[in-house]
Amino acid sequence: DVYNIAHTSDQLAAALGLAGRLAEAAGYLERARQRWMKLGNDNRLVETITNLAMMYYSQGNHENSENVIKQGLEKARAIGNPRPEVYLLASLADIKRDAGNCAAALELYTSALDQAWSLDDAYVRIYIADSVANTYRLMGDLMNGESWAKRAMAEAEKRGGALEIGLCLTTNGLLLRHQGDLKEAADYLEKATVLLKEADARRELALAYLH
């Protein structure tokens, strides 16, 4: 029963990922990927690939993550599904930014954001705008960083929840730190930790605590 084996593998991966057992989760997603390919079920394949790319990225395995993303983009475009394409483009941009290729990251974020406006998905628009702000921050372009951070925050306050506002507060805190305003930066980061804890966003909360 290939379909249900693939589906169960996806569900096991989700549970293992939440438990922090990322390598095991990736193994089950790989099994699911092979079975969706065998069935020719590209819609489910793209969904699995999106999760697999994030799983590899979370482990710091950028090479595998990028390879999986490229396969996912090809399949998403073939079936004309913009939602996973937006998420995959944003993930690829994250990889480029982490590798120090900020120009390529900005190009990918822009492409993802252009397509994101066709989706009823406030989170991904806020995430991308916030990521652009952080990319400019890493480039030392604080003016553009502030502009995009304000744009992300405005959208988060309008349509987001604790997670989205917490992300934006973290970014604003980092921008303030780069400007030397350490007291206000700490205030923003403290507020961010409260919201991210409320949202149970553990990875983002860890980052805010670190800073």
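The values are calculated or read from the model by the stated rules, or taken from the named source; none is laboratory data. Everything numeric in this text was worked out from a predicted model, so none of it was measured. Note: ideal-geometry Cβ built from the backbone for every residue, glycine included; neighbour counts use all protein chains shown. Quick note on the areas: whole protein, heavy atoms, side chains included, nothing else; ligands and nucleic acids left out. Shrake-Rupley method; radii C 1.70, N 1.55, O 1.52, S 1.80 Å.
Miscellaneous remarks
- Residues of region 1-36 classified as of a type in the set (A, V, I, L, M, F, W, C) and either open to solvent by 30 Å² or more (accessible area, probe 1.4 Å) or not in a helix (DSSP H, G or I) (or both), total: 9
- Taken over region 43-100, the criterion of being without any contact (Cβ under 8 Å) to a residue 60 or more places away in the chain and of a type in the set (Gly, Ala, Ser) is satisfied by 53, 60, 65, 72, 76, 78, 80, 90, 91, 93, 99, 100.
- Test result for residue 126, part of a helix (DSSP H, G or I), open to solvent by less than 20 Å² (accessible area, probe 1.4 Å) and more than 27 Å from residue 33 (Cα to Cα): yes
- Checking 90, 99 one by one, the residue that is within 17 Å of residue 57 (Cα to Cα), modelled with pLDDT under 95 and either aliphatic (A, V, I, L, M) or crowded, with 22+ Cβ neighbours inside 10 Å (or both) is 99 and no other.
- Residue in region 54-71 that is among the hydrophobic types (A, V, I, L, M, F, W, C), open to solvent by less than 40 Å² (accessible area, probe 1.4 Å) and closer than 20 Å to residue 171 by Cα present: no
- Pick from region 147-164, criterion hydrophobic (A, V, I, L, M, F, W, C) and crowded, with 21+ Cβ neighbours inside 10 Å, ranking: nearest to residue 201 (Cα to Cα): 156
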